[in-house]
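What follows is a short report on a single structure.
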Amino acid sequence: MSKVYWEKNIETLNRKELQKLQVERLKTTINQAANSDFYKKQFAENKITAESINSIEDIQKLPFTTKQDLRDNFPYGFRSVQQKECIRLHSSSGTTGTPTVIFHNQHDIASWANLTARSLFSAGVREEDVFQNICGYGLFTGGLGFQYGIERLGALSIPAGAGNSIRQIKLMQDYGTTAIHAIPSYLGHLHEVFESEGLDPKKDTKLRLMVIGAEPHTEDTRRRIEELYGVKAFNSFGLSEMNGPGVAFECEYQNGLHIWEDSYIVEIVDPKTLQPVADGEIGELVMTTLDRQAMPIIRYRTRDLTRIIPRDCSCGRTHRMLDRITGRSDDMFIIKGCNVFPMQIEGVLMKIPEVGNEYRINLETINKNDEVLVEVELQREEFRDEYDVLSKITKKITHDIRDEILVKPIVKLVEHGTIPKSEGKAVRLFDHRIKN
Ligand code: ADP
Ligand code: ZN
């Protein structure tokens with residue numbers, strides 16, 4: 001029988017043993033983290049040692065770590081090993097203030113590569129595959145993170161990098177690419193380039209599966225991508241503070257994203273009270289590294305909103321599943337007293353067949369009122385100069401968005417290809433409101 005799991009003993013470990021392993025590793029992590037300036041001080045102030053932990057619930061004795069803590073202690077405040085032991089850093093772009101930086105030693109890079117390999121394997125990638133990694137290499141973790149995972153798994157990697165769609169297509173054809181990883185917002189665009197070259201990825205490539213992640217997207221967006229390429233698209237979740245890709249991943253059953261609990265402790269908390277919510281309820285994802293030496297992070301408030309799916313998966317893995325991320329708490333905007341997440345709007349748009357893959361949400365002040373102006377690209381063939389047709393679609397979009405967010409938007413249909421695309425993660429929300 002062919003191999004089903006990458007590491008059967010860990011992936012199918014019974015929950016009791018898994019928790020025992022977590023408690024042991026949490027103790028080790030506390031001892032390791034105590035080498036850093038930040039945790040040394042925090043542990044002393046709160047009288048925390050590894051002995052404080054006797055059960056998994058004891059993690060609640062530990063304070064949270066926030067993105068601001070990482071920024072305030074930039075660059076070395078969280079480093080728990082000597083400089084000479086570190087072999088790589090990854091960092092956020094830092095365009096919106098002090099960047100956050102994560103350091104790794106040999107152990108960390110090996111452990112991360114293994115987690116990414118385990119993730120890819122669970123989605124069905126095998127040694128025989130030719131895997132093209134279509135995303136930025138460099139400080140962004142999606143490039144090297146997947147690269148090391150593909151190599152560890154033993155598939156043939158094509159480190160294609162981001163952009164240059166014609167070249168991507170050529171690589172896919174030249175080497176018979178069977179699997180790709182890309183950001184979901186890029187795949188609509190890539191498909192258009194296929195079309196304009198007179199090609200159809202379903203017929204003119206050997207593609208058999210895709211991995212998509214790094215940015216929020218709805219189930220309908222995923223289904224659209226699957227239809228465009230004619231293969232399954234597996235959701236990959238990660239964040240640089242927790243390494244990058246390889247944190248949580250969909251297995252072949254696509255029931256949710258198994259989060260690797262031998263390497264992370266997952267908590268879901270109410271973002272206001274910071275108390276745990278019941279399994280199955282949505283809250284903020286809080287994560288603790290359990291297998292990192294150069295820079296352990298404890299109870300990190302990711303700001304991502306999601307829930308634990310309170311079900312077992314048919315694949316036999318015992319690691320619990322996260323639901324897809326509904327948004328980041330800092331993406332939420334308040335308009336006319338209503339709390340709105342951009343994903344709610346995407347959710348509505350992607351259900352309407354005439355709507356294309358691109359949209360943009362602009363918050364504007366018009367005549368002293370705050371308004372949500374949604375620019376929507378239509379499918380190429382839909383944008384005709386027929387007033388009736390366009391007005392019908394506009395009405396439908398306006399109505400459906402209003403139903404979802406309880407605020408009536410101003411909807412503007414635009415021609416296919418007019419909304420600018422970014423090479424990295426898509427930016428969909430622009431706040432131009434006049435603040436007073
Ligand atoms: P940045 O915080 O600068 O975007 P990261 O690359 O670390 O840098 O991004 C991690 C974040 O990206 C996550 O916290 C989450 O908000 C988002 N993200 C990553 N993967 C997914 C996914 N599969 N679905 C939804 N959001 C995701
Ligand atoms: Zn599964």
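The values are calculated or read from the model by the stated rules, or taken from the named source; none is laboratory data. What you see is a predicted model; the values in this text were computed from it and never measured. Surface areas here come from the heavy atoms of the whole protein model, side chains and all, with no ligands, DNA or RNA. Shrake-Rupley method; radii C 1.70, N 1.55, O 1.52, S 1.80 Å.
Identify which of S91, S55, S122 has the largest mean-square fluctuation in a Gaussian network model of the chain, with springs joining Cα atoms closer than 10 Å.
It is S55.
If you take every DSSP beta bridge whose two residues both sit in the chain, what share of them, in percent to the nearest 5, is antiparallel?
Here the share of antiparallel DSSP bridges comes out near 60 percent.
Can you divide the C-alpha Rg of the stretch 333-431 by 2.2 N^0.38 Å and report the result to two decimal places?
This ratio for the stretch 333-431 stands at 1.05.
The stretch 185-333: D in µm²/s via Stokes-Einstein (Kirkwood Rh, Cα pairs, 25 °C, 0.890 mPa s)?
147 µm²/s
Which distance in Å, rounded to a whole number, links the C-alpha centroids of the stretch 141-161 and the stretch 170-213?
Value for the Cα centre distance between the two parts: 17 Å.
Can you tell me the Rg and the Dmax, both Å, for the Cα atoms in the chain?
22.5, 72
Could you check how much of the accessible area of the stretch 333-431 is carbon and sulfur, as a whole percent, using a 1.4 Å probe?
The value for the stretch 333-431 is 49 percent carbon and sulfur by accessible area.
Just for the stretch 333-431, what percent of DSSP beta bridges are antiparallel, to the closest 5?
In the stretch 333-431, approximately 60 percent of DSSP beta bridges are antiparallel ones.
With contacts defined as alpha carbon pairs under 8 Å and 6 or more residues apart, what's the relative contact order of the chain in percent?
Computed over the chain, the figure is 14 percent.
With a probe of 1.4 Å, find how much accessible area the stretch 160-281 has per residue, and write the answer as a whole number in Å².
Details: 4410 Å² over 122 residues.
On a per-residue basis, 36 Å².
Can you give me the long-range amide H partners of A248? Hydrogens built in the peptide plane at 1.01 Å from N, cutoff under 5 Å, separation of 5 or more residues or another chain.
Hits under the 5 Å cutoff: F237.
What number comes out for accessible area per residue over the stretch 333-431 if the probe is 1.4 Å? Units Å², please.
The answer is 55 Å² per residue.
Report in % the part of the accessible area of the stretch 1-329 that belongs to carbon and sulfur, leaving out ligands and nucleic acids; probe 1.4 Å.
That fraction is 50 percent.
Distance from the Cα centre of the stretch 44-85 to that of the stretch 273-336, in angstrom?
Taking the Cα centre of each part, the stretch 44-85 and the stretch 273-336 sit 19 Å apart.
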